[in-house]
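Taking it in order: structure first as structure tokens, then the write-up.
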Amino acid sequence: MSTEDRRDLTAVCAAAQTGYVLQVIRDGDSQPLAEKELFGWPDWPEFPPAAAHAAGCELVMLGYMIWPDTVTPDSLIGWRRAPDKEAWSATIGSFQDLQAHGY
């Protein structure tokens, strides 16, 4: 595998009728690579640290992780409010992508 800096995957945690829907999306594609409904989560716009952590755990179960270097003081464990959407998003990579970069 190439070790080029692949940052073309995004996780989106979007408000739904019964909580949130977590999707893994490749830039430029309209079909999600993975999707999971997250029931019983707080209503939008709530996305407390416990929800951000739980969404990250769900990503791991799907085979993805938030890029560690995107966790900054202005993010919520790597999650940022998505502009013009009722959603939070994070830049993610597959386990292979992260391992190739020493994470």
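The values are calculated or read from the model by the stated rules, or taken from the named source; none is laboratory data. Worth saying up front: this structure is predicted, and the values here are computed from it rather than measured. Don't worry about glycine lacking a Cβ; one is built from the backbone with ideal geometry, like all the others, and counts go over all protein chains shown. For accessibility, only protein heavy atoms count, side chains too; no ligands or nucleic acids. Shrake-Rupley method; radii C 1.70, N 1.55, O 1.52, S 1.80 Å.
For segment 32-64, residues that are open to solvent by less than 40 Å² (accessible area, probe 1.4 Å) and over 21 Å from Gln96 (Cα atoms) total 5. Here Trp79 fits the description: under 15 Å from Ala14 (Cβ atoms), among the aromatic types (Phe, Trp, Tyr) and either in contact (Cβ under 8 Å) with a residue 40 or more places away in the chain or loosely packed, with under 13 Cβ neighbours inside 10 Å (or both). Of all the residues in segment 36-94, those that are among the acidic types (Asp, Glu) and closer than 13 Å to Val24 by Cα number 2.
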